[in-house]
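Quick notes on the structure that follows.
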Amino acid sequence: MKLSTTAAIVTGGASGLGEATARHFSQNGAIVTILDRDAERGEKVADEIGGYFAQTDVTDEASVASAIVLAMDKMGRISACVNCAGIAYGIKTVGRDGPHPLDAFQRTIDINLMGTFNVSRLAAAEMARNDPEPDGARGVIVNTASVAAYDGQKGQVAYAASKGGIVGMTLPMARDLASTGIRVMTIAPGIFMTPMLAGLPEDVQAQLATDVPCPARLGDPAEYADLVGFIVSAGYLNGEVIRLDGALRMR
């Protein structure tokens, strides 16, 4: 697959890793539909990149189905699906206020894991209808996990569980979709300069950066976007999780 001829949907594309990916795709000739809950920001980014926007709740089947219909109507096909939508809570299993609220755990699983699967399965159904390329390729799905899936820190029990689920479904989903020519890959980012981290004091950002062996800095969302673009074009990459973390191992 060539990035320049790709028609992509990007969840969480209104900010952070998703926005960087949408912009990178557009700059390299792809057409993009952003799926996000933030209508104001989503429409702004879509307008700036010459793409399309669908206000979407990734946990809701009807909402995602409607977004897929819009993307198909605007782009004519979907050949790449990049799942970046997600949330994170910092809550211990048992803390000063008692046990971890079950609704917070459920919400994290619903958005991060269920949302990823919900969008992936509906996008894959459309990709399966694409005319195959000479090597049989019809599309690629790139999901976003986290290094927390492997070494989650205190207060990350819900987040780590949701991202661990994404890691766990990478290979079986790739195997499920292999006969249709759809690849499935996952990226596990380390600590990136997303809007959430950008709001922290500079000294806190600097402290986080010192934990990264090399390079000793926070990740740039553009680096995530570069990797997604490479995955799209590297047709032999399938069923694997790539850590993008500067060799970080959380303690």
Item checked: Relative contact order of the stretch 138-179, pairs being alpha-carbon contacts under 8 Å that are 6 or more residues apart, as % -> 36 percent
Notebook entry, point to check: Can you give the convex hull volume per residue for the Cα atoms of the stretch 65-110, as a whole number of Å³?
Noted result: 92 Å³
Notebook entry, point to check: Which lysines, on any chain, are close to Lys154 with Cα under 17 Å apart, when same-chain ones fewer than 8 places away are left out?
Noted result: Lys92, Lys163
Next item on the list: Would you compute, from DSSP H runs of 4+ residues alone, the mean residue ellipticity of the chain at 222 nm, taking -39500 (n - 2.57) per run and dividing by the full residue count, rounded to the nearest 500?
Entry: -13000 deg cm²/dmol
Checklist line | Of Leu171, Ala46, Ser63, farthest towards positive along the dipole that unit charges on Lys, Arg, Asp, Glu beta carbons give the chain | finding: Leu171
Margin query: Given an 8 Å cut-off on Cα distances and at least 6 residues of separation, report the relative contact order of the stretch 3-242 as a percent.
Written below: 20 percent
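To the nearest 20 debye, what charge dipole does the stretch 102-251 have about its Cα centre, counting +1 at the Cβ of each Lys and Arg and -1 at the Cβ of each Asp and Glu?
For this selection, approximately 380 debye.
With charges set only on the Cβ (+1 for Lys and Arg, -1 for Asp and Glu), what does the dipole of the chain come to about its Cα centre, in debye to the nearest 20? Provide the component values of the computation, followed by the final result.
Numbers: 21 positive and 28 negative charges, 114 e Å.
Roughly 540 debye, rounded to the nearest 20.
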Item checked: the stretch 99-124 versus the stretch 21-60: alpha-carbon centroid distance in Å -> 21 Å
Next item on the list: Show me 162-175, 20-33 ranked by packing, highest mean number of other Cβ atoms within 10 Å first.
Entry: 20-33, 162-175
Note to self: To make sure I understand, if each residue's beta carbon is the centre and we count other beta carbons within 10 Å, what order do Glu240, Glu19 fall in, fewest to most?
What the structure shows: Glu240, Glu19
Next item on the list: Compute the acute angle (0 to 90°) between the alpha-carbon long axis of helix 16-27 and the principal axis of greatest extent of the alpha-carbon atoms of the chain; round to the nearest 10°.
Entry: 30 degrees
Notebook entry, point to check: In square nanometres, what is one fourth of the surface area of the convex hull spanned by the alpha carbons of the stretch 89-160?
Noted result: 5.9 nm²
Note to self: Projecting each Cα onto the charge dipole of the chain (Lys/Arg +1, Asp/Glu -1 at the beta carbon, about the Cα centre), which of Ser233, Met250, Gly115 comes out farthest on the positive side?
What the structure shows: Met250
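Could you please tell me the mean projected area of the C-alpha convex hull for the chain, averaged over all directions and given in square nanometres to one decimal?
Average of the hull's projected areas for the chain equals 13.2 nm².
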Note to self: Only four residue types carry charge here, +1 at the Cβ of Lys and Arg and -1 at the Cβ of Asp and Glu. Report the dipole size of the stretch 38-112 about the Cα centre in Debye, rounded to the nearest 20.
What the structure shows: 300 debye
Note to self: Using a Debye calculation, one point per C-alpha and no hydration shell, please list log10 I(q)/I(0) for the stretch 159-251 at q = 0.10, 0.15, 0.26 Å⁻¹ in order.
What the structure shows: -0.33, -0.68, -1.32
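Quick note: the coordinates plus some simple rules give every number you see, no bench work behind them. Values in this document were obtained by computation on a predicted structure and should not be read as measured data. No Cβ is skipped: glycine too gets one built from the backbone with ideal geometry, and neighbour counts run over all protein chains shown.
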